[in-house]
Each structure stands twice: as C-alpha cells, then as structure tokens.
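The values are calculated or read from the model by the stated rules, or taken from the named source; none is laboratory data. Remember, predicted model here, so these are calculated numbers, not experimental data. Positions of Cβ are generated from backbone atoms using ideal geometry, with glycine treated the same way; all protein chains shown enter the neighbour counts. These accessible areas exclude ligands, DNA and RNA; they are computed on the full protein's heavy atoms, side chains included. Shrake-Rupley method; radii C 1.70, N 1.55, O 1.52, S 1.80 Å.
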Amino acid sequence: MIELTIYNYLKDKMIVPVFMEHQKNEPEKFVIFEKTSSSKKNHTYSVTIAFQSYAKSMYEAAKLNEELKKIVENMIELDDIAFVKLNSDYNFTDTTTKKYRYQAIFDIKY
C-alpha cells in the first residue's frame, strides 16, 4: 500500500507529526496527506497525493510546505518509487476552521 510507504518515509524525515487523517488534539504544526486518485498502466501504478501543511501562521505554513516538498521529492531514493513530480502547490487556508495551511499535489509512480 503506497500510503503506508509514504507515511513511514515522512514520519522518519519530517520534524513535525504526519497524519493520514485529522486528530482530536492536533499540534500547532503538522502534515496530513491523502490519495486523491490512482491508476495502473503496464504494471506500473500511479497516484496523486495531496499533502497539507498546517501551522499557526501563513508564513509558517508556507515554510513547512517548502520543507515537505523537498522531502517528498527525495522519496525517489526508495526502491519502490519510480517517479515523483510536483503537480502544484498553493495556499489552501481552511476557511471553516480558520487554520492556515498550504497544499502540495504530487504525482507518484511506483
């Protein structure tokens, strides 16, 4: 399961907690991610993953997003990962909860 591979990698590399779903008592800074789509062609799987970087300010969320992008791009070092490409990233502040966040979308083949 690619989500587990990504989770374990980020858990070891990030300096903030990484989750696959929201928690009851979330820290000030954390990353959450989810698979938004997937496909398979010629025995190669492709997924699109949305990573959300949360922090107490817009600046801190943007800074965490930049750190996250570098770490995700380095996932290419894993034997299971064949391709990592940043699709887009942008301010994605949650207007409902008033929490600052950035979102980075990556295309990954494995």
Whole-Å distance linking the alpha carbon centroid of the range 65-110 with that of the range 11-32 is 14 Å
When you count, for each residue, the other Cβ atoms within 10 Å and take the mean per peptide, how do 102-108, 64-70, 77-83 rank with the highest first? 102-108, 64-70, 77-83
Accessible area in square angstrom per residue, the range 57-110, 1.4 angstrom probe: 59 Å²
Folded to 0 to 90 degrees: helix 58-73 orientation relative to the chain principal axis, Cα: 10 degrees
Cβ-Cβ cut-off under 12 Å around TYR100, Lys and Arg +1, Asp and Glu -1: the net charge is +3
Suppose every K and R has +1 on its Cβ and every D and E has -1 on its Cβ; what is the size of the dipole of the chain about the Cα centre, in Debye to the nearest 20? 220 debye
Within the accessible area of the chain, what % is carbon and sulfur when the probe is 1.4 Å and the other protein chains stay in place? 48 percent
Tilt relative to the chain, helix 2-13 - C-alpha long axis, 0 to 90 degrees, to 10: 50 degrees
Can you find, among MET58, THR96, TYR45, the residue farthest towards the positive end of the dipole of the range 9-110? Put +1 on the C-beta of Lys and Arg, -1 on that of Asp and Glu. THR96
